[in-house]
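Reviewing the structure listed below.
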Amino acid sequence: MVTIVDYGAGNLTSVKNAFAALGVETEIVRDAKSVERAERVVFPGVGAAKSAMDNLERFGLTDAVRAAAVSGRPFLGICLGMQILFERSDEDGGVDTLGVVPGRVRRFPDVPGFKVPEIGWNDVRVRGESAAELCPLVDGLEFYFVHSYFAELGDATAGVTEYAGTGFTSMVRRGALWACQFHPEKSGRIGLNLLKGWLSC
Amino acid sequence: MLTKRVIPCLDVRNGRVTKGVKFKNNVDLGDPVEMAVGYSDGGADELVFYDITASAERRPIDIGMVEAVARAVRIPFAVGGGISSLPDMERVILAGAEKVSVNSLAVRNPRIIAEGAAAFGRQCIVLGMDPVKSGRTASGYEITTRGFREFTGMDAVEWAKRAADLGAGEIVVNSVDADGTRAGFEMDITRMIAEAVGVPVVASGGAGRPSHLVDVFRGAKADAAIVAGMIHSGEYTITEIKREMHAAGIPTRMNY
């Protein structure tokens, strides 16, 4: 059973459908208790950092998500769900985020020829030993991205992608915590393979 | 490197994919879900569905079809046509579409762009536009609506800039002049808009050969291109198109 956290940050249908395609049952939850007892947590999200943080607070989920992310139980952050695991985001004039992973989220610089948001398929290069288990499922392959903000490179960076002259963190690994800036649930067969790999981590 | 996207367009009428030239002479091409799966497996980077009769008949979008596509494919897709309000957008997004495309609606009520972007994020809101060559506006291209039936007097480049300012996350430039001709994309208006806005631009209308995509990516700075007839007819596969793009040095997703 995969527990998907619903905190009003975007649509969860795609995530649910992707696990269904792998024959895996999901539950969509919006309360701290369900997150606390979950075996395997998926923390998705699209939209803006500030409203995401406000919503987590409003549903009383902030502490439960933070605890789940460092619990040693499998955890997967996706897109905004990855970004707000970091300490701070420059979005909305600056927002303190969950602080589970050291580092900061910034906006892409204005570079001629690079549109913001970055929309489309971009490749991921695995960095360091930390991503060993999922490495062959990721390295050099393209995944689907949609974002205007990015996480800087840091100790937890397991995958790097380049856009607008910037190398950014496209995958995070810290123990049982994995997170990705891209959408594995929308990245075709390759994305499904990654989710399948995560299910056996 | 971010790759240039190839996006099959499926025009749906009464639950079937159809293709006509300039919205006329529609031919039945198949089941939308089966075709979506085929193109997704075959290397499409994204899909777009237009419910082409919805606006004209003032009929709401077929949500059951959107749900069925979302269950069957694992790549992003956009839905347009028949969206007349914020609740319509929400229904389409909750059914599993990544993006909603607004066209005539946004001309009538530009605020829907801002409202949609605020509610769902700008990446969900696509502005579709149908420009036609015209002597009546500054850029030489005028916006038409309701399936090319009405001329608005609006300048295409100005409208693109305004839509991006309002919150459109992407702009589809569907040339009325090139649509259905398979003689190549309309390069000038695509490039003018790609240079005028900071959001991705999708070229649409006129794709007939793989080299047309190479041209529009290289010469008109498009971020993505829509294909329809050339693949629906079986004349080309997406892989054939992508091989030619790749060979021409255009960043292309080849591993799928």
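Using 31 Å as the Cα-Cα cut-off, could you pick out the over-long pairs in B:K4/B:K161; A:K33/B:K99; A:K186/B:K242; A:K186/B:K133; A:K196/B:K221; A:K33/A:K115?
Numbers: B:K4/B:K161 22 Å; A:K33/B:K99 33 Å; A:K186/B:K242 20 Å; A:K186/B:K133 37 Å; A:K196/B:K221 37 Å; A:K33/A:K115 41 Å.
From B:K4/B:K161; A:K33/B:K99; A:K186/B:K242; A:K186/B:K133; A:K196/B:K221; A:K33/A:K115, over 31 Å: A:K33/B:K99; A:K186/B:K133; A:K196/B:K221; A:K33/A:K115.
As a test of the definition: which semi-axes, in Å, follow for chain B when you take the square root of five times each eigenvalue of its alpha carbon gyration tensor? Largest first, please. Let's see the in-between values first.
Numbers: eigenvalues 112, 99, 63 Å².
Calculated on Cα positions only, the semi-axes equal 24, 22, 18 Å.
Given a 10 angstrom Cα cut-off, can you work out which residue in B:R74, B:R243, B:R16 is the most mobile in a GNM of chain B?
In this elastic network of chain B, the residue with the biggest mean-square fluctuation among B:R74, B:R243, B:R16 is B:R74.
Distance from a point 7 Å along Cα→Cβ of A:R125 to each backbone N in the stretch A:148-166: keep the residues under 19 Å and list them by number.
Residues A:150-166 qualify, since their backbone N sits under 19 Å from the label point.
Quick one, what does Rg over Rh come out to for the protein assembly as shown if you take C-alpha atoms and the Kirkwood Rh?
Rounded to two decimals, Rg/Rh equals 0.96.
Go ahead and collect, in residue order, the members of the stretch B:174-199 whose backbone nitrogen is under 18 Å from a label point 7 Å along the Cα-Cβ direction of A:D110.
B:193-199, by backbone N distance to the label point.
Looking only at the stretch B:112-256, where both bridge partners belong to it, what percent of the DSSP beta bridges are antiparallel (to the nearest 5)?
Percentage antiparallel, nearest 5: 40.
Considering all projection directions equally, how large on average is the shadow of the alpha-carbon convex hull of the stretch A:12-68, in square nanometres?
4.0 nm²
What FRET efficiency, computed as 1/(1 + (r/R0)^6) with R0 = 60 Å and r the Cβ-Cβ distance, is obtained for B:A183 and A:K33, rounded to the nearest 0.05?
0.45
With a point put 7 Å past each Cα toward its Cβ, work out how far A:L199 is from A:T62 in nm, to one decimal.
3.5 nm
Counting DSSP beta bridges in the protein assembly as shown, what percent are antiparallel, to the nearest 5?
Counting only bridges with both partners in the protein assembly as shown, antiparallel ones make up about 45 percent.
Any read-out appearing in this document is the output of simple, stated calculations on the displayed coordinates, not a laboratory observation. Because the structure is predicted, anything quoted here is derived from the model rather than measured. Positions of Cβ are generated from backbone atoms using ideal geometry, with glycine treated the same way; all protein chains shown enter the neighbour counts.
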